[in-house]
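Below is one structure, written out as C-alpha cells; the observations come after it.
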Ligand SMILES: Cc1cc2nc3c(=O)[nH]c(=O)nc-3n(C[C@H](O)[C@H](O)[C@H](O)COP(=O)(O)O)c2cc1C
Ligand code: FES
C-alpha cells in the first residue's frame, strides 16, 4: 500500500512505466512526479516509487541523490535558481545572487526560516543571451536586476505555491 | 549571405504550434521521404550533405547512421540529446522552445532512415518551458498522424517519448545519458565496447544525435544535399558574454570569429575591446584578440589547439580578469564531476584550490607550474571527456595570459578594472 503518493501519481507512474521496455527507466519520471506531489523525496515517497516500479528502495534512493533537481530533505516551497556560470558571471550574476540572499537572509543552498523560498546556484541554464538569468520555480527570468528580484519576490508572495505541474513526461 | 534555414521563423508568434509549421511547408519533407525515398537513400543524402553532429564532437551524421547495424528482427533505438548543458550553449533550447516541430520532423525522418520504431528525447530537466512546448508539439504531431502508427499511411510506425533529465551536466555525455535513460546514476560507460551505435540503449544499436542535428534533417531532405550546402552549410552559433547583441546566429560554418562577434552580435560595449574568446563553449581552449580572424570551423580552431565544440562563442572584454574566469570554469567541472575517476575528481579540486589562493593574493611563484603540471596529468587519464575538458582552457590561459597570473601572485591583487573578480 502506498504511504504518501496519491492514486493519481501512482497512475502517472504506471503510465510512465509503460513507455519503456524496462521498469527502471521510469525512475526519473516517477521521482519527478513524486517530488511534485510531496515537495521533496521523503523516505516514504522513495518507498512508494520503489514499490510501484518493483525496485529495491536503495537503488531508487541512490538514483535520487545523484541528480541535483531531486531533494531528499524538505526544501522551500519556491525554488529560485540563479545561474552563476560564465556568461551570467560576466554580466553581473553575483550582484543578483547577493541581493537575493541578503533580502531573504539566506546563503545559497538554504531555505528561508518560514520554509517559503530555497535559493540555489545553478549552472548554465542555456539562456546566456538573457544573462544574468534565474529560474523561479518553472519560470525563467532574464536580464535580471536587483529591482527585478524585488518584484519577483513580491509576486511569489501572492502565489501560494509553485506553478502548476506540466503533466507527465512524453504525454502523447 | 544566404537566408537562414533553421531559424527563419524563430520569434514569430505561435510558431511552436503545428499549424504555423505546416503553413510554411512543415512535414512536407517527411511526406516526401516516406513516399519517394528508401531509407538508404536518405542516409546517402545526409552523408552527401556533409552534416556533422552538432552536439560537440562533430561526428559525420551519415557515417554514424551507417555504423548502426541494421539486423532484421533486432530492436534499434533513436535517442535525441536535448540535455544542452555546455556553458554558453543555448541553440538547442532556442529551437525546442521556438520551433519544436522541426526537431520532431527530423526525428521521424531519422527514424525512418534507420528503421527505428522507438525514439526518446532526453530533455534537460531545467527546460520547463521547453518541456511544455515540446510535449504540446508532440501531441499535435501524434494527433495529425505525423508520429505514431502507420505514419501518413506509409505503414511506418514510430513512438516518441520525452524523457526529462534531473540536473546533471554529465548526462549530456552520450553513454551517461543512456545510463540515465535506463534509470540509473549518470555514470559514463566504457568505450569500447559501449559505442551507442552498436551497444546503446538496453545494449541495442542506437542512433544518438543532438537536437540541432535533428533540425537540419528536414532541410537536407527538402532541398537535396547540394542546395542545402549552398546555405553555408549553416550552423547555429550561440554568442554571449560581453557583446551588445547576444543570441543564436545562423551562419555559414567557417564564418570568421570577428565577423560573428562584431557584425552579428553587435561587438563589445562602447569603449570596450575584445580581450579573449571561448570559441566552442567553456570546454574549448580560450583564444585571444589575435585569433579573431580565424574561421569558426572544426579544422581552423583545432589547429589553434581549441575546438568548435558546440559552437558557443563566449566573448570576454578588457574588463575581465582571466584567472577568475578560469577559476569559474574549473569550479563548474569540479562540481559536475561524477566522481567516478580520480584525475577528474581530485584534479579539479586541486586546481580550484590553487586558483583560489592566487586570486586571494596568497599565490606562490611555483603555482603556475603546479597548475600546468596538474592539467598535464589530467590529460588523457580521465575516464570520460568531462575531465579532459579542463586542461585545454587552463593551459591556454597560462600561455596567453601568464602575466596576469604572475601579477596576481606578485602584487597580491588584480589590476583589471571594472570586471567581476572575486
Ligand atoms: C561532458 C560532456 C557533455 C556533453 N553534453 C552534451 C549535450 O548537452 N548535448 C549534446 O548534444 N551533446 C553533448 N555531448 C556530446 C555527446 O556525447 C554526443 O557526442 C552527441 O550528443 C552526439 O550527437 P551528434 O553526433 O548529433 O553531435 C557531451 C559530451 C561530453 C563529453
Ligand atoms: S551562463 Fe547563465 S545561462 Fe548560460
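Quick note: the coordinates plus some simple rules give every number you see, no bench work behind them. Keep in mind it's a predicted model, so treat the numbers as computed, not measured. A quick note on method: Cβ atoms are made from the backbone with ideal geometry, for glycine too, and the neighbour counts reach across all protein chains shown.
Show log10 I(q)/I(0) for the protein assembly as shown at q = 0.05, 0.07, 0.08 Å⁻¹, two decimals, from a solvent-free Debye sum over equal Cα scatterers. Debye output, listed in q order: -0.20, -0.41, -0.54. Using 0.36 nm per residue and subtracting the Cα-Cα separation, the extra length available between residue B:57 and residue B:157 on full extension is 33.0 nm. Helix A:93-104 axis versus longest C-alpha principal axis of chain A: approximately 80°, rounded to the nearest ten. If the viscosity is 1.567 mPa s and the temperature 4 °C, what Stokes-Einstein diffusion coefficient in µm²/s follows for the stretch B:343-393 when Rh is the Kirkwood radius over Cα pairs? So the translational diffusion coefficient is about 117 µm²/s.
Modelled this way, with points 7 Å down the Cα-to-C-beta line, the labels at residue B:23 and residue A:150 are 4.2 nm from one another. Overall shape of the stretch B:255-395 was characterised from the C-alpha gyration tensor. The equivalent ellipsoid obtained from it has semi-axes of 27, 18, 12 Å, in decreasing order.
Based on C-alpha pairs under 8 angstrom that are at least 6 apart in sequence, chain B has a relative contact order of 16 percent.
Pairwise alpha-carbon distances in chain A exceed 20 Å for 56% of all pairs. Counting every other Cβ atom within 10 Å of each residue's Cβ, B:243, B:198 order from fewest to most as B:198, B:243.
Hydrodynamic radius of chain B by the Kirkwood approach over all distinct alpha-carbon pairs: 22.3 Å. Of the beta bridges DSSP finds with both residues in chain B, what % are antiparallel, to the nearest 5? About 40 percent, rounded to the nearest 5.
Counting other beta carbons within 10 Å of each residue's own, what order do B:92, B:318, A:150 fall into, fewest first?
Going from least to most buried by this count: A:150, B:318, B:92.
The ellipsoid equivalent to the alpha-carbon distribution of the stretch B:238-317 has semi-axes of 18, 13, 11 angstrom, derived from the gyration tensor eigenvalues as √(5λ) and listed largest first.
Given Cα pairs under 8 Å that are at least 6 residues apart, what percent is the relative contact order of the stretch B:322-411?
Across the stretch B:322-411, relative contact order equals 37 percent.
Helix B:100-113 and the longest principal axis of the C-alpha atoms of chain B enclose an angle of approximately 60°.
Averaging Cα coordinates gives a centre for the stretch B:1-46 and one for the stretch B:137-209; these two points are 21 Å apart. With N as its number of residues, the stretch B:2-114 has a Cα radius of gyration that, divided by 2.2 N^0.38 Å, comes to 1.14.
Using a 7 Å offset from Cα along Cα-Cβ at residue B:362, what residues in the stretch B:379-418 end up with backbone N under 15 Å from the label point? Once the point is set 7 Å along Cα→Cβ of residue B:362, B:409, B:412-413 turn out to lie under 15 Å by backbone N, inside the stretch B:379-418. Across all Cα pairs in the stretch B:18-229, the calculated P(r) in 10 Å bins from zero up to the longest distance comes to 9, 38, 39, 14, 1 percent per bin. Computed over all pairs of different Cα atoms, the Kirkwood value for the hydrodynamic radius of the stretch B:322-411 is 12.8 Å.
As a length-normalised measure over Cα pairs under 8 Å and 6 or more apart, the relative contact order of the stretch A:7-66 settles at 29 percent.
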